[in-house]
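Each remark here refers to the structure printed beneath this line.
The values are calculated or read from the model by the stated rules, or taken from the named source; none is laboratory data. A quick note: this is a predicted structure, and the numbers were derived from the prediction, not measured. Cβ atoms come from the backbone with ideal geometry, glycine included; neighbour counts cover every protein chain shown.
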C-alpha cells in the first residue's frame, strides 16, 4: 500500500475540495485471536521433542506423538500449526537440541500420512539441509582454505540452509569482531569455490559459539549465542563498558541488546556484572567482567535465550500465516472467476468455502473480493450488482 | 462552424477573432448569424475569466466567476456546471468545456449563467441524469493521474453536497460513521456507487431488507451493524 500526499500551495484555492490522493487498496489482516490451539499444540510437541526435558523412553514418546496427532486432526488452521512447528523444529535442528532425530523423523512421517507430502515437503527439506551441511563441514575441515587460513584451535562449523525450506528470519544487524568476519569469509570462499553462483547470507541471530574464558577462580568454557559472544569479546579490550558503548560497538538493535545483556549479567549465570545491580537493563547502566565468577561445571551454557521465544516472534509467525492466507484467497478468487467468467456473489462465496482449507469469515472473503475489484481483476456487473464479471 | 481565434501575446482579452466559414456554414449562416454572435460572446465570457498564459479558467478565475454569479464556490451548482461541461480537471475549465456546457442554454452573459444554474438543478434531479452526475462527482475529485480513491474527509463533504439534499438522514448517519470508523481511510468508486444503491433500495432507518450475505460492499455491512448497535 503506497500513499502519496499532495499539498496544495496556498495560492490556489480549489472551488470544491482539497483531497489528499491516496493510492492503493486497503489490506486487512485476517487475525483470529482465538485460534491459539494450533500454536499450543505445536509448542507441546516442541517440549516433547527437545533434549533435556523429562526423560521419556522411545515407546512413550511414540505414544505421545500418536495422541497429539489425534488432536491435530481437529485443528482448523493447520497452516498456523505448520508455521509454529517449522519454527521450533528449525531451532531444535540448528542448535542441536533434538532429543532424538528418529523421533523427529517419526513425527514428520505421521504428519505426511495425515496431510500429504505437500505439508511436509519443506520440513523434510530442512532435514536434508542438516545432513548436507554435515558433509560440507567435513569437506571444509579438509579444505586448503581451512587448513591454511583458519587459526589452529578455532573450530568452525556452518549450517547451510536452503532459503525456501526454513522459516524466514528477519535480518538482525550486528558488527562482528574482525576475527569472526575473517572466519566467515574463509568459509564463504571455500563454499563458493564448490558451489559457484549461489548467494550466501549469514544469519547471525542463529549463530552460537563456545568461548574459552579465563576467570581468576578457574578457566571455563561458555556455550553462548553469537550475539552474546560479540558482547563478551568487547571485554577482551576493556574492563568496564557502558550500555551505550556496547550498543555503539556492536550495532545490535536496542531490544535485542538488552535481552542479550540481561542473559549475561542478570540471570543465573553471571559472567558480567551490571552496575547498578538489577533485573532490567537501563540506558545508564555499565557492565564489567565478573572477576568473582565461579561455577561447579567446566562447560557452562548461557545461550538459553536463543531457545526461548519472544512475544514478537510468536505474533509475527501468526501474522505471516494470515498474510499468506490472504494471498491464497486472492488466488482462489481469480482462479474461480477466470473459469466461470460470470458468477454471482453467493455462488462465489460457496465455491470459496469449498476450496479453501483454512477457516475464514465471509466478511474477510468480501474484503478480498473488493480488493480485487479495486485492482481491476473483477468488476461488479453494471446491470446486476450481485454479479461479478471477470476482467481479462 | 469552425473558428480559430488568435490571441496576440501581451494583449488583454483579445476581442478580435478571425472567423472562417466553410461552404455549408455559409448556407446556414443566415439563421445562425445570431448564434455565431452568441458563440462569440460565450467565448468572450470565457476569456474574461481565463488565465492569460494558460488559456484556461483556473481556480482563481472560478472564484471570480462565482462571486459574479453570487454563488459560493463550494456550492453544489458549480459542480453541476462542471458536470454539464464534462470538465475533466477539478478547478479548471477549458474553452471547449465551457462551450460544451453553455452552448445549449446559450449563456453568454453572467445573468444568463445565473439562470443556467437554476435550470441545472432541475436537470440533474432527473433520475436519468442523477446517476451520471453522482458518478461524475466522484471522478471529478480524483486529481492525481492514477488516483482511484478519495479520502474520508473529502468523501464526507462530497456526500453531503451531492446526496445530502436527497437522502439527508442516510447521509448524515453514514458520514458520522465514516468519521468514527478506522477500517477504511479512503473510499473507492465501487463503495461510492454502492452507497447510492443502498440509499435507493434499503428501507431506512430499520434496514429490514438489508442482507449482508449479498454483495453489498463490506463498509455498508459494517455501517448497518453500527447503526443497529446504536438503536439497541
For this session: Would you check which residues across the stretch B:35-70 are within 15 Å of residue B:109 (Cβ to Cβ) and not in a helix (DSSP H, G or I) and list them?
Result: B:70
For this session: For the stretch B:195-208, enumerate the residues that are in contact with a helix residue (DSSP H, G or I) (Cβ under 6 Å, 6 or more places away or on another chain) and either assigned to a loop (DSSP other than H, G, I, E, B) or facing chain A (nearest Cβ under 8 Å) (or both).
Result: B:204, B:207
For this session: Evaluate the following for residue A:325: is it within 27 Å of residue A:167 (Cα to Cα), touching a residue at least 40 places away in the same chain (Cβ under 8 Å) and either within 12 Å of chain B (Cβ to nearest Cβ) or touching a strand residue (DSSP E or B) at 6+ places or on another chain (Cβ under 8 Å) (or both)?
Result: no
Problem set entry | Residue check for residue A:153: outside any helix (DSSP H, G or I), loosely packed, with under 12 Cβ neighbours inside 10 Å and without any contact (Cβ under 8 Å) to a residue 24 or more places away in the chain | yes
Exercise. What residue, of A:239, A:273, is surrounded by 13 or more Cβ atoms within 10 Å (Cβ to Cβ), on the phi < 0 side of the Ramachandran plot and in contact (Cβ under 8 Å) with a residue 12 or more places away in the chain?
Worked result: A:273
Problem set entry | Unique residue being more than 11 Å from chain A (Cβ to nearest Cβ), surrounded by 20 or more Cβ atoms within 10 Å (Cβ to Cβ) and over 30 Å from residue B:230 (Cα atoms) when the list is B:110, B:116, B:171 | B:116
Exercise. In the list A:102, A:88, which residue meets the criterion of being touching a strand residue (DSSP E or B) at 6+ places or on another chain (Cβ under 9 Å) and surrounded by 12 or more Cβ atoms within 10 Å (Cβ to Cβ)?
Worked result: A:88
For this session: Specify which of the listed residues (A:148, A:163, A:120) is outside any helix (DSSP H, G or I) and either assigned by TED's automatic domain parsing to the domain that holds residue A:237 or more than 21 Å from residue A:309 (Cβ to Cβ) (or both).
Result: A:163
Problem set entry | residue A:373 vs. criteria assigned to a loop (DSSP other than H, G, I, E, B) and crowded, with 16+ Cβ neighbours inside 10 Å | no
For this session: Considering every residue within the stretch A:64-80, establish whether at least one is modelled with pLDDT of 70 or more, loosely packed, with under 15 Cβ neighbours inside 10 Å, over 30 Å from residue A:356 (Cα atoms) and away from every other protein chain (no Cβ under 14 Å).
Result: no
Problem set entry | Check on residue B:159, surrounded by 17 or more Cβ atoms within 10 Å (Cβ to Cβ), within 13 Å of chain A (Cβ to nearest Cβ), over 19 Å from residue A:371 (Cα atoms) and touching a helix residue (DSSP H, G or I) at 6+ places or on another chain (Cβ under 7 Å) | yes
Seminar exercise, completed: Reported set for the stretch B:138-154 where residues are more than 7 Å from chain A (Cβ to nearest Cβ) and within 16 Å of residue B:78 (Cα to Cα) is B:138, B:139, B:140
Exercise. Name the residues in the stretch B:214-232 that are more than 13 Å from residue B:197 (Cα to Cα) and surrounded by 19 or more Cβ atoms within 10 Å (Cβ to Cβ), would you?
Worked result: B:218, B:219, B:223, B:227
For this session: Would you point out which residue out of B:220, B:178 is touching a helix residue (DSSP H, G or I) at 6+ places or on another chain (Cβ under 8 Å) and within 11 Å of chain A (Cβ to nearest Cβ)?
Result: B:220
Seminar exercise, completed: Expected single match for free of Cβ contacts under 8 Å to residues at least 40 places away in the same chain and outside any loop (DSSP other than H, G, I, E, B) among A:256, A:221, A:214 is A:214
For this session: Return the only residue of A:19, A:15 being within 14 Å of another protein chain (Cβ to nearest Cβ), surrounded by 18 or more Cβ atoms within 10 Å (Cβ to Cβ), touching a strand residue (DSSP E or B) at 6+ places or on another chain (Cβ under 8 Å) and modelled with pLDDT under 85.
Result: A:19
Exercise. Quick one: would you say residue B:101 is farther than 26 Å from residue A:378 by Cα, surrounded by 18 or more Cβ atoms within 10 Å (Cβ to Cβ) and within 14 Å of chain A (Cβ to nearest Cβ)?
Worked result: no
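Yes/no matrix, rows are residues, columns are (1) buried (at least 17 other Cβ atoms within 10 Å of the Cβ); (2) under 22 Å from residue B:213 (Cα atoms); (3) away from chain B (no Cβ under 14 Å); (4) out of contact with any strand residue (DSSP E or B) (no Cβ under 9 Å at 6 or more places or on another chain):
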{"position": "A:299", "(1), (2), (3), (4)": "no, no, yes, no"}
{"position": "A:331", "(1), (2), (3), (4)": "no, yes, yes, yes"}
{"position": "A:361", "(1), (2), (3), (4)": "no, yes, no, yes"}
{"position": "A:377", "(1), (2), (3), (4)": "yes, yes, no, no"}
Problem set entry | Flag for residue B:132 being part of a helix (DSSP H, G or I) and within 14 Å of another protein chain (Cβ to nearest Cβ) | yes
